[in-house]
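Each remark here refers to the structure printed beneath this line.
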Amino acid sequence: NWSGSLIVASLTGAFGSSFLYGYNLSVVNAPAGYIKKFYNETWERRYGFSMDEGTLTLLWSITVSIFAIGGLVGAIIVTPIVKFFGRKCTLVLNNVFAVAAALLMSLSLLAGSFEMLILGRIIMGVDAGISLSALPMYLSEISPKEIRGSLGQVTAIFICIGVFTGQVLGLPEIFGQESRWPFLFGAIIVPSLIQAVILPFLPESPRYLLLEKHNTSKAEKAFQRFLGKDDVSHEIEEVLAESRVQRNTKLVSIVELLRTRAVRWQIVTVVVTMGCYQLCGLNAIWYYTNNIFSEAGINRETIPYVTLSTGAVETLAAVFSGLVIERLGRRPLLIGGFGLMVVFFAVLTVSLTLQNTVHWLPYLSIFCILAIIASFCIGPGGIPFVLTGEFFQQSQRPAAFMIAGTVNWLSNFAVGLLFPFIQAGLQTYCFLVFAGICFAGATYLFFVLPETKNKTFHEINQAFAKRNKVTLEMQEMNHYPGERKSSEEQESNFTSPVDNGETKKGVV
């Protein structure tokens, strides 16, 4: 079922979107010392004196964390953009932000302006906020339900590849030198241009074309290209079945979605999974990595190369998840990932606390770090994006991704803001906080999350109907308010759009 167009669309979309998100998470680590020196020299040239350590730390913290603020803005504005331009065109147009950000950041040293670097980080965050909503939405709508999970994991895989690429390019032999660090940010242009050149030649989401643009002809052609077959009548009928249910509805707003009783537990589940995705402690792991490797006796000059093992493990675990998700399902991978993180966080806490008393414990700490990263990427690293695309009907999906994106970026910002205080107060015991969050997330998902593997959007909706305490009829009325035909008419007729704008009736 993996047609050429489907493969190219997923790889190109992810390379210019989620890859850049991962890349920008890690790209600031290697040149941090050089960038701080640039900040200080610029300040001294302007004002005639060096900035104090507190001001320098504040500027650097703003540079790193402002990326999340930009991401929040992108997540908020994505709904009207994908509604007006469509999923694919949103991804293409989003490259304008990436190119602008790359130019600002890469030319900041030449211009002698650290404000350009900070502004570029904000704009790059906007790009990430839009792409992390638009890309999963696009992938979930172009893929057959049999491989929807595997295709959705492409987002997580390319995030990991982006992190790993940022680590590799930051090595001293490549761009990790004082005179070359602007090239680390200029490299962002390459994936953006590749996506901008290739993606326009691929079809728009067929579900978007059929349900929102009412263009049956283009939707049929899109299905044919993505599925690699001429007869797509079954897929068209499957989408039209949803269209018949929601023919009287319009795209719902966030407020309307939050007030809809029929999707209450879907929203709560998305909020929990997205919150745990950022609050589970992986950022704390990155913070501790260099220190733990140093305590294990690894030479400080060698640590950047050893750190590559974390990016490699992350990538391999994400690929493994993509290969097995359609066999094992979303539920066991997500719950199992959080569960394993609880175990390894507990062992890591003991190891870090006692590592000065037993000579081999630092090596156990290294193992725990790699195991936590692998556990995260097997399930929690990508499945939350897949579930957000699967839980909601077409008219609700943009608002749902806006909610998921807002929770994601607010949680990201909270971790960056609060973790230094948690670490200062609890020292190595800070990992018990993250173990508690992972345990709470796994427990909630064990009792609430249904398996969505190989199910249509309508079947997934039915799985939540009992928990939402609504009948199927009430569910449809809550989802799709408006004048409804009698049940007899609904059973015998449906309306489907045609190219010339007229409508025709068909017998079910």
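The values are calculated or read from the model by the stated rules, or taken from the named source; none is laboratory data. All values reported here derive from a predicted model rather than from experimental measurement. With ideal geometry, Cβ positions are generated from the backbone for all residues, glycine too; neighbour counts draw on all protein chains shown. Areas reflect the complete protein model, heavy atoms only, side chains present, ligands, DNA and RNA absent. Shrake-Rupley method; radii C 1.70, N 1.55, O 1.52, S 1.80 Å.
Taking the stretch 249-472 on its own, what percent of its Cα-Cα pair distances exceed 25 Å? Looking at the stretch 249-472, the distances longer than 25 Å represent 44 percent of pairs. Classify the stretch 80-198 as rounded, prolate or oblate from the Cα gyration tensor: take a ≥ b ≥ c as the square roots of its eigenvalues, call it rounded if a/c is under 1.5, otherwise prolate when a/b beats b/c and oblate if not. It comes out oblate by the Cα gyration axes. For the stretch 89-148, the solvent-accessible area with a 1.4 angstrom probe is 27 square angstrom per residue. If we count every other residue with Cβ under 12 angstrom of Asp231's Cβ, Lys/Arg +1 and Asp/Glu -1, where does the sum land? Around Asp231, the charge tally is -3.
Annotation: peptides 445-452, 396-403, 317-324, 207-214, ranked by per-residue average of other Cβ atoms within 10 Å with the highest first, follow the order 396-403, 207-214, 317-324, 445-452. Model label points for Phe367 and Val448, set 7 angstrom from Cα along the Cα-to-Cβ axis, are 3.5 nm apart. Averaged over residues, the count of other Cβ atoms within 10 Å places the peptides 189-195, 221-227, 461-467 in the sequence 221-227, 189-195, 461-467, highest first.
Expressed as a whole percent, the accessible area of the chain that falls on carbon and sulfur atoms is 65 (1.4 Å probe). Taking label points 7 Å from Cα along the Cα-to-Cβ direction, Thr302 and Asn283 give a separation of 3.2 nm. In the stretch 38-119, the ratio of gyration radius to Kirkwood radius, Rg to Rh, stands at 1.13 when only Cα atoms are counted. Which FRET efficiency value, to the nearest 0.05, do you get for Gln427 and Phe320 by plugging their Cβ-Cβ distance into 1/(1 + (r/R0)^6) with R0 = 25 Å? About 0.15, to the nearest 0.05. Inverting the pair-averaged 1/r between distinct Cα atoms of the chain gives 24.0 Å as its Kirkwood hydrodynamic radius. Using a cutoff of 8 angstrom between alpha carbon atoms and counting only pairs six or more residues apart, the relative contact order for the chain works out to 22 percent.
Solvent-accessible surface of the stretch 357-427, taken per residue with a 1.4 Å probe and all protein chains present: 31 Å².
Remark: spin-label model distance Val358-Ile77 equals 5.3 nm, labels positioned 7 Å along the Cα→Cβ axis.
Counted residue by residue at 0.36 nm each, then reduced by the alpha carbon distance between them, the extension gain from Phe49 to Val96 reaches 13.2 nm.
Built from the Cα atoms of the stretch 1-202, the convex hull projects on average onto 11.6 nm², one quarter of its surface area. Shown here are the Rg and Dmax of the Cα trace of the stretch 171-263, at 21.6, 61 Å.
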